[in-house]
Amino acid sequence: MKVADSRVAEAIRDLARIEPGPHYIVSCYLRLETSDRVRQKYLAKLDRAVEQARTAIAGLEPGVRRPIERDLRRVLQSLEDPARLPAAPGIAIFASAPRKLFLLVPMPRVHHTRVVVDHTPQLRELLIAAEETGRLLLAAFDRKVARFFEIHAFGVRELPGLHTASTRGGRFRSDWADSPGWGERSFHHRIEEERHRHFEAVGQRLAELDRESPTQGILLAGPLEETRAAERFLPASLTARYMGSARLNPTAVRPAEVRAAALQLRRQFETARERELIAGLESKVGEGWAANGPQPTLRALARGQVRRLLIGSEMTGSGYRCVDSGRLALSKAECRGEGTPLPVPDLVNEAIEEALRQRVEVAVIHEPELAEAIDGLAAELRFR
């Protein structure tokens, strides 16, 4: 795992070194996309997740439960004020008063808002987010100047920039002292040539940075007309990883704004891919290469068949885990012959954790018209 922010990397290493002990740790993953921030919808989802966590610890001794309750309240209080939230698509929080632990980590994405109470922190989504986000490269430019940024899961770094020198003199009018006197047509043709040379230089610089350390995505930023024109000058080795462009002022934009724009473009890129996945889901189910519905999807997940897990964003509910097989199930009856069924308060969270453990890609479908095609849970399969 490569993490750009050394402080975050050290914090993750400290969390990973925590051994199971008598004290419980609250792990909270909160989704904070634009749609979640509207009218503070994220708070309603967080409240539901906290209530599910309280249900899960209801059977503990009062002396054990009290510090957990304090940690849950502290997590809620830290997220109540929208103005204090980081400009990130998600947050991970780890809290344990007995261990003197309270860590908030801005995330490049969160699959599903959830709160888990356990003897160790739930790190799998945090680690995989760092790995899957990888390294993004963004070029912010106008006709002469280009700035380059390297974006990781938890940070952003500006790289050496580029300035393409202009060979133009004054205007085309011959009565101006510094005019080249070439005439209007030649003057404008020369402007266009310089513009194209600059776009080509930006593309070559991106290719050089990619050769130094491979990137998972290429992004452009600047005036809309310029970014659209520059797309045609990207080297062939980069076009397959091009994720889109944003309107930013290349001379005034700050690194934090660059990171926010880059993660937003990545999310839009992933949403477009989700549309393709949903469009082909019905035919794949008919061919036996996909499952749709909680029961067949959970069975496929238990068999290691799942290549990509698809979850409708409104999917909620409890279930069971069969003790002997470890399989997740909707009802106690499904565990017959597989051991005692243990209640699972948040079935979606358990499904996500199981998928991440198997290194399965998880896609939570948030757009209502796309989510309608999923019966709660669905999956693309590796084998039939």
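For the reader, a short list of remarks on this structure follows.
- Label-to-label distance for residue 124 and residue 361 is 1.9 nm, based on points extended 7 Å past Cα in the beta-carbon direction.
- Relative to the dominant Cα principal axis of the chain, helix 124-133 is inclined by about 20°.
- Estimated from helices alone, the mean residue ellipticity of the chain at 222 nm is -12500 deg cm²/dmol (sum of -39500 (n - 2.57) over DSSP H runs with n ≥ 4, per residue).
- Tensor-based shape of the stretch 1-104 (alpha-carbon gyration tensor, a/c under 1.5 rounded, otherwise prolate or oblate): oblate
- The calculated FRET efficiency for the pair residue 87 and residue 145, based on their C-beta separation and a Förster distance of 22 Å, comes to about 0.30.
- Percent RCO, i.e. relative contact order, over the chain, from Cα pairs under 8 Å lying at least 6 residues apart: 14 percent
- Within the chain, DSSP assigns beta bridges of which about 75% are antiparallel (rounded to the nearest 5).
- Placing pseudo-labels 7 Å out from each Cα toward the beta carbon at residue 216 and residue 43 gives an inter-label distance of 3.3 nm.
- For the stretch 50-148, the relative contact order works out to 21 percent when only alpha carbon pairs closer than 8 Å and six or more residues apart are counted.
- Simple Cβ-charge dipole of the chain, Lys/Arg +1 and Asp/Glu -1, about Cα centre, in debye nearest 20: 500 debye
- Between 0 and 90 degrees, the angle of helix 6-16 with respect to the longest Cα principal axis of the chain falls at about 20 degrees.
- Rounded to the nearest 10 degrees, the angle from helix 347-357 to the longest Cα principal axis of the chain is 60 degrees.
- Isolated Cys in the chain, by beta carbon distance under 4.7 Å: 28
- With both labels modelled 7 Å from their Cα along Cα-to-Cβ, the residue 279 to residue 61 distance reads 5.9 nm.
- P(r) weight above 16 Å for the stretch 297-339, C-alpha pairs, percent: 42 percent
- Solvent exposure of residue 243, expressed as accessible area, is near 30 Å², computed with a probe of 1.4 Å over the protein chains only.
- Protein heavy-atom surface of the chain, 1.4 angstrom probe: 50% of the accessible area is carbon and sulfur, with nucleic acids and ligands not counted.
The values are calculated or read from the model by the stated rules, or taken from the named source; none is laboratory data. Everything quoted here is computed from the prediction, not taken from an experiment. Because the Cβ atoms are built from the backbone with ideal geometry, glycine has one as well, and the counts that use them run over all protein chains shown. All accessible areas refer to the heavy atoms of the entire protein, side chains included, with ligands and DNA or RNA removed. Shrake-Rupley method; radii C 1.70, N 1.55, O 1.52, S 1.80 Å.
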